[in-house]
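Undergrad: Below is a structure I'd like to ask you about.
Just so it is clear, none of the values below were taken in a lab; they were calculated from the coordinates. As the structure is a prediction and not an experimental result, all values here were calculated from the model. Reconstructed Cβ throughout: ideal geometry from the backbone, glycine too, with neighbour counts over all protein chains shown.
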Amino acid sequence: MTDIIECAKKLYSLEDCVFTPVPGHEGGRNQIVIISRNGDKQYVLRISALGDRTVNDYLAETEFVRFLAENDGPVANVIPSVNGELVEQIEIDGKVIYAVLFAYAKGILIADNGYRYREGASLSEYFFNTGKALGKIHRLSKIYTPVHNRQDYFDKYNMTYIDRLIPNEYIDLKSAIEKRLDSFQALPKNKDCYGMIHFDFSDGNYHIDMDTGLITVFDFDNCMNCWYMFDLANLWIHNEGWTRPEPDPGKRFALMQQCFDLQLQGYKTETELPEEMLKKLPLFIDMVLIENIVDEFECCAREGEAPDHEDIEDAAECLIHGIPYAGIRPQY
């Protein structure tokens with residue numbers, strides 16, 4: 001890490017800054033370093049060393065983020081190096097490492113505030129602003145013309161890859177995934193419903209300005225060409241955390257819908273949402289479940305560990321037995 005930081009200081013002219021590595025989290029793909037100047041957090045250095053992505057992948061991501069930022073998108077911008085590069089390749093001990101510098105997103109994670117929203121404002125504002133931020137990203141995505149292309153959904157989520165990734169002891173799960181993939185193949189892929197999306201839009205990947213409520217999104221590391229509804233379905237699932245204290249399943253489901261309705265209101269102030277796609281929300285929730293399962297198996301493969309069935313059990317049951325809405329609907 002020391003060698004990489006010394007290279008980064010020169011590449012980004014940051015010799016007068018303090019570099020603070022962030023402890024990694026389970027399943028994390030990158031090393032993150034917070035960079036401060038005069039006591040203020042100003043930049044985030046991302047170091048990618050897994051070797052499973054190409055410079056084209058990183059360029060496609062950073063060019064998209066820069067486009068969003070330059071068009072008033074709610075994102076933390078990419079900072080070019082002194083060489084004018086959005087992505088720098090550093091060779092350490094014969095291994096190529098990719099470095100990208102981002103502006104530090106204004107505000108804080110809501111988790112770091114004890115899941116308390118800003119004083120004097122209601123949670124309704126929070127849900128509305130979350131949907132609005134996502135809607136603005138999708139609106140800009142619809143007019144974005146890439147220079148470098150990021151992968152499409154089926155480039156990764158196909159049965160050739162999934163058969164290789166998931167052991168045959170999970171044959172019922174693989175059969176259920178294959179059935180969903182066939183359904184996804186029938187979905188329209190026009191510019192109104194399909195384009196570059198975040199693919200991991202959740203409260204761990206945006207900061208909230210606790211003075212204004214504005215949201216700044218970061219970590220587009222998983223971005224790809226996919227249906228815009230995937231990001232919305234991911235939002236729907238993450239609302240479960242806000243409703244967990246409610247013991248009655250019917251009331252809990254209704255609360256989740258209330259949160260989602262507020263997010264949709266914010267979203268629709270920025271871009272249109274085809275009604276026929278919104279009606280397929282349960283199918284896109286299944287798409288999110290598949291992503292979660294695939295990610296778990298990928299993490300285990302990277303760590304050389306056997307998958308823990310408990311980590312995928314709930315999602316697998318929903319897919320295998322056709323239980324909609326991630327199993328949160330009252331009748332289930």
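Undergrad: In the chain, if the dipole is taken from +1 on Lys/Arg beta carbons and -1 on Asp/Glu beta carbons about the Cα centre, which of Ala306, Ile162, Val44 is farthest to the positive end?
TA: Value computed over the given set: Val44.
Undergrad: Met224's amide H: which non-local residues (gap 5+, or another chain) put their own amide H closer than 5 Å, with H modeled 1.01 Å from N in plane and none for Pro or chain starts?
TA: Under 5 Å from the amide H of Met224 lie the amide H atoms of Ile197, each far enough along the sequence or on another chain.
Undergrad: Would you order Ile97, Ile208, Ile90 from fewest to most other beta-carbon atoms within 10 Å of each residue's own beta-carbon?
TA: Ile90, Ile97, Ile208
Undergrad: Continuing with the same structure: Limiting things to C-alpha atoms, what are the Rg and the maximum Cα-Cα separation (Dmax) for the stretch 2-103, in angstroms?
TA: For the stretch 2-103, the Cα radius of gyration and maximum Cα-Cα distance read 13.4, 40 Å.
Undergrad: Rounded to the nearest 500, what is the 222 nm mean residue ellipticity of the chain from helices alone, with -39500 (n - 2.57) per DSSP H run of 4+ residues and division by all residues?
TA: Numbers: 12 runs with 146 residues, N = 332.
Only helices count here, giving -13500 deg cm²/dmol.
Undergrad: Residues with beta-carbon under 10 Å from that of Ser202, excluding Ser202: net charge, scoring Lys, Arg +1 and Asp, Glu -1?
TA: -4
Undergrad: Provide the gained length on full extension for the span Asp200 to Asp16, in nm with one decimal, where the gain is 0.36 nm per separating residue minus the Cα-Cα distance.
TA: Once the chain is fully extended between Asp200 and Asp16, it gains 62.9 nm.
Undergrad: Would you mind telling me which residue in Met210, Met224, Met196 has the biggest mean-square fluctuation in a Gaussian network model of the chain, where springs connect alpha carbons within a distance under 10 angstrom?
TA: Met210
Undergrad: While we're here: Placing +1 at every Lys and Arg Cβ and -1 at every Asp and Glu Cβ, with all other atoms neutral, what dipole size does the chain have around its Cα centre, in debye to the nearest 20?
TA: Around 960 debye, computed over the chain.
Undergrad: Given springs between every Cα pair under 10 Å in a Gaussian network model of the chain, which of Glu85, Glu310, Glu298 has the largest fluctuation?
TA: Looking only at Glu85, Glu310, Glu298, the largest GNM fluctuation is found for Glu310.
Undergrad: For the stretch 210-319, state which trypsin sites (Lys or Arg not before Pro) are in a DSSP loop and have at most 15 other beta carbons lying within 10 Å of their beta carbon.
TA: Sparse-neighbourhood loop trypsin sites (Lys or Arg not before Pro): Lys279.
Undergrad: Now for a separate question. Who wins for biggest fluctuation among Pro74, Pro247, Pro274 in a Gaussian network model of the chain, springs between alpha carbons below 10 Å?
TA: Highest fluctuation of the listed residues: Pro247.
Undergrad: A further question follows. Checking the table Lys95/Lys174; Lys179/Lys279; Lys41/Lys132; Lys142/Lys279; Lys142/Lys174; Lys132/Lys174 against a 31 Å threshold on Cα-Cα, which pairs fail?
TA: Working: Lys95/Lys174 35 Å; Lys179/Lys279 19 Å; Lys41/Lys132 26 Å; Lys142/Lys279 21 Å; Lys142/Lys174 33 Å; Lys132/Lys174 36 Å.
Flagged as over cut-off: Lys95/Lys174; Lys142/Lys174; Lys132/Lys174.
Undergrad: Turning to a different aspect of this structure: For Thr2 paired with Asp211, estimate the spin-label separation in nm (one decimal), with each label point 7 Å from Cα along the Cα-to-Cβ line.
TA: Output for this residue pair reads 3.9 nm.
Undergrad: Can you tell me the relative contact order of the chain? Whole percent, Cα pairs under 8 Å, sequence separation 6 or more. Can you show the working numbers first?
TA: On the way: 488 pairs, mean separation 58.5, N = 332.
Worked out over the chain, it gives 18 percent.
Undergrad: Roughly speaking, what is the centre-to-centre gap between the stretch 183-200 and the stretch 85-157 when only Cα atoms are used, to the nearest Å?
TA: 18 Å
Undergrad: Tell me the label only: which of [x] 32, 25, 20; [y] 41, 25, 16; [z] 36, 24, 17 is semi-axes √(5λ) of the Cα gyration tensor in Å as calculated from this structure?
TA: Working out semi-axes √(5λ) of the Cα gyration tensor in Å from the coordinates points to [x].
Undergrad: For the stretch 2-103, what's the relative contact order in percent, using C-alpha pairs closer than 8 Å and at least 6 residues apart?
TA: Working: 156 pairs, mean separation 26.2, N = 102.
Taking the mean separation of contacting Cα pairs over the length of the stretch 2-103, I get 26 percent.
Undergrad: Residues with beta-carbon under 12 Å from that of Ala121, excluding Ala121: net charge, scoring Lys, Arg +1 and Asp, Glu -1?
TA: Around Ala121, the surrounding residues sum to -2.
Undergrad: To continue, here is another question. If r is the Cβ-Cβ distance from Ile34 to Ser183 and R0 is 45 Å, what FRET efficiency results, to the nearest 0.05? Intermediate results must be reported in sequence, preceding the final value.
TA: Values: r = 42 Å, r/R0 = 0.94.
Using R0 = 45 Å, I get an efficiency of 0.60.
Undergrad: Could you name the aspartates and glutamates in cross-link range of Lys10, using Cα to Cα under 16 Å and dropping any fewer than eight places away on the same chain?
TA: The reachable aspartates and glutamates, counting only those whose Cα sits under 16 Å from Lys10, are Glu85, Glu88, Glu91.
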